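Inspection log for the structure reproduced underneath, given as structure tokens.
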Amino acid sequence: MGLHVALSGFYSSDGIWRHQKFDTEKLDRANEVMELLSISSLKDREYSSMSTGEQRKFLLARSLVNDPAVLVFDEPTSGLDISTCFQYLEIMRELMSMGKKVILVTHHVHEIPPEISRVILLKKGRVVMDGNKDEILTNSNLTNLFDWPIKVVKENGYYQALPG
């Protein structure tokens, strides 16, 4: 069940087990996080029957029950359709507006929310550039990074990489 995925975050376990106890405070926190992520209506549904986007939200709920100061997202929208991708990115922005620090690992510049100001470019496991997003996400820098002509477009604080 979706609720069990969220609750498993309290014990960092794969599912929940009979010996694990969840007091009212933990249940309330799990419900609060599911409400924040708009997945409360799915809490009694089997995880395996959910869409990829719904599953990702429950995995995020699993992390959020402990109220971490920093969240690490590694290719968070991989496999999601475009509307679910944008919804997930909005959740990330909302979390940042609530004071959460976000580390985002991605190959897709369109996933970088406007609130993220620092960008680190990696190539073959090495840092090739590190700095202000506006200075780093340029045509020449991304062309050099990907060894392919790239044109960068900026709109409403978001960037998009297009074939150069």
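We did not get these values from a lab; they are worked out from the coordinates using the rules stated. What you see is a predicted model, and the numbers here were worked out from it, not measured in a lab. No Cβ is skipped: glycine too gets one built from the backbone with ideal geometry, and neighbour counts run over all protein chains shown.
How far, in nm, would the chain grow between residue 158 and residue 102 when pulled straight, counting 0.36 nm per residue and subtracting the alpha carbon separation?
The span from residue 158 to residue 102 would gain 18.5 nm if fully extended.
Can you give the percent of C-alpha pairs in the chain whose distance is more than 26 Å?
Pairs farther apart than 26 Å: 37 percent.
Comparing 76, 113, 68, which has the greatest mean-square fluctuation in the GNM of the chain with Cα pairs linked when under 10 Å apart?
Checking each option, the largest mean-square fluctuation is seen for 68.
What's the magnitude of the charge dipole for the chain around its Cα centre, counting Lys and Arg as +1 and Asp and Glu as -1 at the beta-carbon? Answer in Debye, nearest 20.
The calculation lands at about 380 debye.
Please rank 24, 84, fewest neighbouring Cβ atoms within 10 Å first, as an exposure proxy.
Ordered from fewest to most neighbouring Cβ atoms within 10 Å, 24, 84 come out as 24, 84.
As an exercise, find the ratio Rg/Rh for the range 1-67 from alpha-carbon atoms, using the Kirkwood inverse-distance average for Rh.
Computed over Cα atoms, the ratio is 0.92.
Can you spot the aspartates and glutamates whose alpha carbon is less than 18 Å from residue 43's alpha carbon? Ignore those fewer than 8 places along the same chain.
Straight-distance partners of residue 43: 14, 23, 25, 28, 32, 35, 54.
Aspartates and glutamates within cross-link reach of residue 100: Cα-Cα under 14 Å, excluding same-chain residues under 8 positions apart?
Candidates past the 8-residue exclusion: 67, 90, 115.
Fewest to most neighbouring Cβ within 10 Å: what's the order for 108, 19?
With the sparsest Cβ surroundings first, the list reads 19, 108.
How big is the Cα convex hull of the range 77-164 in projection, averaged over all directions, in nm²?
6.0
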